[in-house]
Amino acid sequence: MISPAAARAALIVALLAIWELSIYLSGASNILIARPSQIAVAAWNMIVGASSAPDFYLNIGLTIFELVVAYAVAVVIGLSIGTVVANWKVLGDALEPLLLALYALPKVILYPIIVLTAGAGLAGKAFFGVLVGIFVIIFNTSAGLRQIDPNYLRLSDSLGFGPRRRFFSVILPAAAPTVLAGLRLGFGYTLIGVLTAELLTVNSGLGRLIDWASFNFYTPDLFALIFLAIGLGILGNMAFSSLERRWVR
Amino acid sequence: MAVIQATKISKTFYNPSESRAVKTLDDVSFSADKDEFVVLLGPSGCGKSTFLNILAGLTSHDRDGGKVTVHGRTVLAPQPDLIAYMFQDSILYPWRTVIKNVELGLETRAMSRAERRERAFKYLDLVGLRAYADHYPRQISGGMAQRVALCRSLALETEIILMDEPFGALDEQTRATLGSELASICRELKRTVVFVTHSLAEAAFLGDRIAVFSAQPGRIKIDIKNNLPRPRVMGSPEFRNFVDELWLHLQDAKQQAGAAPDRQGSPLGAT
Ligand SMILES: Nc1ncnc2c1ncn2[C@@H]1O[C@H](COP(=O)(O)OP(=O)(O)OP(=O)(O)O)[C@@H](O)[C@H]1O
Ligand SMILES: [Mg+2]
């Protein structure tokens, strides 16, 4: 029996080998596409500071910081709005179509306005990340709370649970799967928002690095940076997977 | 001596969409003695669940002089130390294992973790589910889930247990098995039980006494002592006779309410 992890690793290695060989044999231009080995070298050089990338760690750190700030804000505000909307039926029914309309809107169209008001720096980019990431958190929180089986609460009432125990022993675990799914998706969306903002505003952060690589036709570096962004998403997803394994049954 | 007593209980539901009041229960008086197993039998919609919820303090009743008392003290809110409630559905929390579900009601008590565990195992042993203690609810069958719910109620070790059609969602065979398990558990443990059902066979098999409800508004039409000797045998002639008697009372109750009897023929076929 081969384990899924081993199969996955084998698949990735095979793909990289095909990629490497086909570029090597076809002799395609290095400016158009890089080979995995070149990408690895470029990544290594950036990591050890041997490349001409401008302020590599500072810019990467800035993007991660934007992502963390944006996600923290999206989580706090998203959970709060979701909870209020779930418990206050009139407000929930009034807001739902508005929230859905905002959710469906391609947020990138609002970016110029955000740059005008919040600037093209950290605030503007984080704000854009929040805007992209928050809706799915709101919806899932409110859905998770609303769809709790009323029988769960009838039971806890019959057992004389007070409000605290009712919240921590019934409401929280009952809503957790849906809310956590919202937080996971919200992370992905926030990442998309922050990266979009980065690519539209190339003055600092990962956007600055990508601009540097593509402007100079440093294709291996460009690929390396893209893989780095993908890595951020995968890392976040793994964190959520482990959380869900622990909390959700 | 009556452990739980309800006097002149009425319940009116207001239907806001039609701005109409419906009297579901009208002047129901009822009592259960210590260690007695009383069955509430009646047609669907006659207010049995409503009445049981009022006994449990889960639902309010009309303020017109009626009251529910346990040992002479008025019940206004759930009394988890005195009354355990078992619902029609097992209502197990899917994020808890079987044993953690059994322990649920004990978590408000001043008990150590080990005491809770010991108590839970005691009742899981009683229904033969010790081996499933660490399973999650989705890994067990409906009949097993209902046994776990029974354990959860028994583990509270309250004097009174209220049961609202606890086996109603199960197939006939499982239902009969659980019924006889419950009968032997009750003989052993001595609890005061009020048990709602619309199954005649279940009522005749389990009840020391059977209160037959009539519908619209719900009233207790007749209160019958069940003198069948225990252990009871479901197919025996005396048992069939008693079921027939209950069937007639139930038909009367329906006709009184102005509703046509919904089925003629063998009462056992309608259980
Ligand atoms: N919360 C409520 N609001 C309005 N009406 C209600 C409410 N709960 C129950 N009723 C009404 O009271 C009547 C009795 O309901 P109840 O659930 O007590 O019947 P039941 O005897 O338990 O029936 P069944 O055997 O089907 O469970 C029904 O006609 C129902 O419409
Ligand atoms: Mg009912």
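The values are calculated or read from the model by the stated rules, or taken from the named source; none is laboratory data. Just so it is clear, the model here is predicted, and its values are computed rather than measured. Note that we place each Cβ from the backbone using ideal geometry, even for glycine, and neighbour counts take in every protein chain shown. Just the protein is used for accessible areas: all its heavy atoms, side chains included, with ligands, DNA and RNA removed. Shrake-Rupley method; radii C 1.70, N 1.55, O 1.52, S 1.80 Å.
Using a probe radius of 1.4 Å on protein heavy atoms only, what is the accessible area buried between chains A and B, both sides summed, to the nearest 100 Å²? Could the numbers behind the result be given before it?
Numbers: alone 14530 and 12900 Å², together 25690 Å².
Roughly 1700 Å² of accessible surface disappears when A and B pair.
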Self-check item: Ratio of the Cα radius of gyration of chain A to 2.2 N^0.38 Å, where N counts its residues
Solution: 1.26
Quiz item: Among B:181-193, A:221-233, how do they line up from the highest to the lowest mean number of other beta-carbon atoms within 10 Å?
Solution: A:221-233, B:181-193
Quiz item: What is the Å³ per residue value for the convex hull set by the Cα atoms of chain B?
Solution: 145 Å³
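Find the accessible area per residue for the protein assembly as shown; the probe is 1.4 Å, ligands and nucleic acids are left out, and the unit is Å².
Computed with neighbouring chains in place, this is 49 Å² per residue.
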Quiz item: Just counting partner chain Cβ atoms within 10 Å, what average do the residues of peptide B:55-61 show around their Cβ?
Solution: 1
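Suppose the chain between A:L15 and A:V68 were pulled fully straight at 0.36 nm per residue; how much longer would it get relative to their current alpha carbon spacing? Present the calculation step by step, with values, prior to reporting the outcome.
Working: separation 53, 0.36 × 53 = 19.08 nm, distance 3.23 nm.
Stretched out fully, the A:L15 to A:V68 stretch lengthens by 15.8 nm.
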Quiz item: Which pairs break 24 Å Cα to Cα here: B:K11/B:K190; B:K23/B:K67; B:K190/B:K225; B:K122/B:K225; B:K34/B:K254?
Solution: B:K11/B:K190; B:K122/B:K225; B:K34/B:K254
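Could you compute how fast region A:95-140 diffuses translationally, taking Rh as the Kirkwood radius over C-alpha pairs and applying Stokes-Einstein at 10 °C with viscosity 1.306 mPa s? Give it in µm² per second. Walk me through the intermediate numbers first.
Values: Rh = 11.1 Å.
Value of D from the Cα-based Kirkwood radius: 143 µm²/s.
Assign one of three labels to region B:66-114, namely rounded, prolate or oblate, based on the Cα gyration tensor with a ≥ b ≥ c the square roots of its eigenvalues; rounded applies when a/c is under 1.5, prolate when it is not and a/b is larger than b/c, and oblate otherwise. Write out the running numbers ahead of the final one.
Numbers: a/c = 3.91, a/b = 1.70, b/c = 2.30.
Oblate is the answer for region B:66-114, as a/c is 1.5 or above yet b/c matches or exceeds a/b.
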Quiz item: For A:L159, which sequence-distant residues (separation of 5 or more, or a different chain) have an amide H within less than 5 Å of its own amide H, given hydrogens modelled in the peptide plane?
Solution: none
Practice problem: Note down the accessible area of A:V76, probe 1.4 Å, to the nearest 10 Å². | Solution: 90 Å²
Quiz item: So which aspartates and glutamates pass the test for A:K125, namely a Cα distance under 13 Å, with those fewer than 8 places away in the same chain ruled out?
Solution: A:E66, A:E198
Practice problem: Quantify how strongly other chains surround peptide B:87-95 by giving the mean number of their Cβ atoms within 10 Å of each of its Cβ atoms. | Solution: 5
Self-check item: Accessible area of B:L106 in the full protein assembly, 1.4 Å probe (Å², nearest 10)
Solution: 0 Å²
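Taking the Cβ of A:S214 as the centre, find all other residues whose Cβ is under 14 Å away and add up their charges (Lys, Arg: +1; Asp, Glu: -1). Walk me through the intermediate numbers first.
Values: positive: A:R208; negative: A:E198, A:D211, A:D221.
That sum, taken over residues with Cβ under 14 Å, equals -2.
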Practice problem: Would you be so kind as to identify which of B:P78, B:G218, B:T108 lies farthest towards the positive end of the dipole of chain B, taking Lys and Arg as +1 and Asp and Glu as -1 on Cβ and the Cα centre as origin? | Solution: B:T108
Quiz item: All other residues with a Cβ under 10 Å from the Cβ of B:Q88 taken together, and with Lys, Arg as +1 and Asp, Glu as -1, what is their net charge?
Solution: -3
Self-check item: Test item: Cα-centred dipole of region A:51-247, Lys/Arg +1 and Asp/Glu -1 on Cβ, debye
Solution: 700 debye
Quiz prompt | Phi to ³J(HN,Hα) by Karplus 6.51 cos²θ - 1.76 cosθ + 1.60 over region A:105-112, Hz, x for Gly, Pro | solution = 5, x, 4, 4, 5, 8, 4, x
Quiz item: Counting Lys and Arg as +1 and Asp and Glu as -1, what is the net charge of the other residues whose Cβ lies under 11 Å from the Cβ of B:V196?
Solution: -2
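With the convex hull built on the Cα atoms of the protein assembly as shown, state its orientation-averaged projected area in nm². List each step's numbers first, then the result.
Values: hull surface 139.8 nm².
The Cα convex hull of the protein assembly as shown, projected and averaged over all directions, gives 34.9 nm².
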Practice problem: Enter the accessible area of A:V75 (Å², nearest 10), with the probe set to 1.4 Å and all protein chains included. | Solution: 30 Å²
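Probe radius 1.4 Å, ligands and nucleic acids left out: which of A:M46, B:M144 has the largest accessible area, and how do the rest follow?
Details: A:M46 5, B:M144 35 Å².
Largest accessible area first, the list is B:M144, A:M46.
For peptide A:148-160, how many partner chain Cβ atoms fall within 10 Å of a residue's Cβ, on average? Intermediate values should be presented prior to the final figure.
Values: counts 0, 4, 0, 5, 4, 1, 6, 13, 6, 7, 16, 12, 9.
Per residue, the average neighbour count from other chains is 6.
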Quiz item: So for region A:51-247, taking the charge dipole from beta-carbon charges (+1 Lys/Arg, -1 Asp/Glu), which of A:L222, A:S156, A:N87 sits furthest toward the positive end?
Solution: A:S156
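With +1 on each Lys and Arg Cβ and -1 on each Asp and Glu Cβ, how big is the dipole of chain B about its Cα centre, in debye rounded to the nearest 20? Please list the in-between numbers first.
Values: 34 positive and 32 negative charges, 94 e Å.
Using Cβ point charges on Lys, Arg, Asp and Glu, chain B gives about 440 debye.
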Quiz prompt | Note, ³J(HN,Hα) from phi for region B:40-46, Karplus 6.51, -1.76, 1.60, rounded to Hz, x at Gly and Pro | solution = 9, 10, x, x, 4, x, 7
